[in-house]
Amino acid sequence: MNLITTASILLATQTGSAPVQDRVDEIWTHVDNHIIRQMDFWFDDGEFPAKVELLKVQVAYESSYENVTNLGWMLENIDRYDLVPPVYLKYQKDHPEDPDACYPLGWHYFLLRNWQKVIEVLEPSLKRNPTPNTYRTLAKSYEREKKYQDAIRIWEMQLKRWPDDIPCKANIERVKKKIGG
């Protein structure tokens, strides 16, 4: 019986008591460490599809931001761009409390230079107070769409949240120059 199967059986039979849960957590820590080491070997050997399959196991066990974005990144590495949006959309659905839950999908579209999709994905997420990367990516997408007023609006929203952001101030001035202001 392999390590993952053993851990799965233990999880299925757990009673919920603290000592059992502690033991299950310890087993999963070892399983996770083994998975990470194996994926490193496969990555170094160029076995990307095998790494993707193990990442799917990791995401099924723990749908963390790190695991999900690792899976999305590896899918992009093997040119399976079509499989990336469902991974990120599921993360958004499963983690409504995460203010950056929309960012991986927005970034995916940004890398594909699909500025309209970036705007569609990231603009609504602003009401959740995401991190600066959301504002930057969204403002740059508006700028690439030549929607300079919207780009300035987003940069200014970012500046309100982080008033000491010097690059943000510079971006506002740079975009204003493009529209002659």
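If you count, for each residue, the other Cβ atoms within 10 Å and average over each peptide, how do 144-151, 51-58 line up from highest to lowest?
Values: 144-151: 16.0, 51-58: 18.0.
Put in order of decreasing packing, that is 51-58, 144-151.
If you average the alpha carbon positions of region 23-92 and of region 122-177, how far apart do those two centres end up, in angstrom?
Between the Cα centres of region 23-92 and region 122-177 lies a distance of 31 Å.
What accessible area per residue, rounded to a whole number of Å², is obtained for the chain using a probe radius of 1.4 Å?
58
Just one of (i) 1.10; (ii) 1.17; (iii) 1.04 is Rg/Rh (Cα atoms, Kirkwood Rh) as worked out from the coordinates here. Which one is it?
The calculated read-out lines up with (i).
Quick one: with all protein chains in place, what share of the accessible area of the chain is carbon or sulfur, to the nearest percent (1.4 Å probe)? Display every interim value, and only then the final one.
On the way: 5870 of 10570 Å².
Carbon-and-sulfur percentage of accessible area, whole number: 56.
Given Lys127/Lys169; Lys93/Lys178; Lys90/Lys127; Lys117/Lys160; Lys51/Lys93; Lys56/Lys93, which pairs have Cα atoms separated by over 28 Å?
Working: Lys127/Lys169 21 Å; Lys93/Lys178 38 Å; Lys90/Lys127 20 Å; Lys117/Lys160 25 Å; Lys51/Lys93 24 Å; Lys56/Lys93 17 Å.
Where the Cα-Cα span goes over 28 Å, the pairs concerned are Lys93/Lys178.
What's the angle, to the nearest 10 degrees (0 to 90), between helix 3-12's Cα axis and the longest principal axis of the chain?
With rounding to tens, the tilt is 90 degrees.
How would you rank 60-69, 97-106, highest first, on the average number of other Cβ atoms within 10 Å across their residues? Each step should come with its number before you reach the end.
On the way: 60-69: 15.2, 97-106: 19.6.
Going by the mean number of other Cβ atoms within 10 Å, highest first, we get 97-106, 60-69.
Could you work out [θ]222 nm for the chain from helices alone, using -39500 (n - 2.57) per DSSP H run of at least four and dividing by all its residues? Round to the nearest 500 deg cm²/dmol.
Values: 10 runs with 132 residues, N = 181.
It lands at -23000 deg cm²/dmol.
Which angle between 0 and 90 degrees, to the nearest 10, do you get for helix 84-94 versus the longest principal axis of the chain when only C-alpha atoms count?
80
Once the Cα atoms of helix 166-178 and of the chain are each reduced to a long axis, what angle between those two axes, in degrees from 0 to 90 to the nearest 10, is obtained?
50
Can you give me the solvent accessible area of Asp164 with a 1.4 Å probe, rounded to the nearest 10 Å²?
Its heavy atoms expose roughly 140 Å² to the probe.
Just want the answer: with Cβ charges of +1 for Lys and Arg and -1 for Asp and Glu, which residue in His95, His108, Cys168 is farthest toward the dipole's positive end in the chain?
Cys168
Between rounded, prolate and oblate, where does region 89-169 land on the alpha carbon gyration tensor, with a ≥ b ≥ c its root eigenvalues, rounded for a/c under 1.5, else prolate if a/b exceeds b/c?
Values: a/c = 2.23, a/b = 1.24, b/c = 1.80.
Note, shape of region 89-169 comes out oblate.
Give me the dipole magnitude in Debye, nearest 20, for the chain about the Cα centre, with unit charges on the beta carbon: positive for Lys and Arg, negative for Asp and Glu.
Dipole of the chain, to the nearest 20 debye: 1300 debye.
The values are calculated or read from the model by the stated rules, or taken from the named source; none is laboratory data. Since we're looking at a predicted model, the values are computed, not measured. Reconstructed Cβ throughout: ideal geometry from the backbone, glycine too, with neighbour counts over all protein chains shown. Keep in mind that these areas ignore ligands, DNA and RNA; they rest on the heavy atoms of the full protein, side chains included. Shrake-Rupley method; radii C 1.70, N 1.55, O 1.52, S 1.80 Å.
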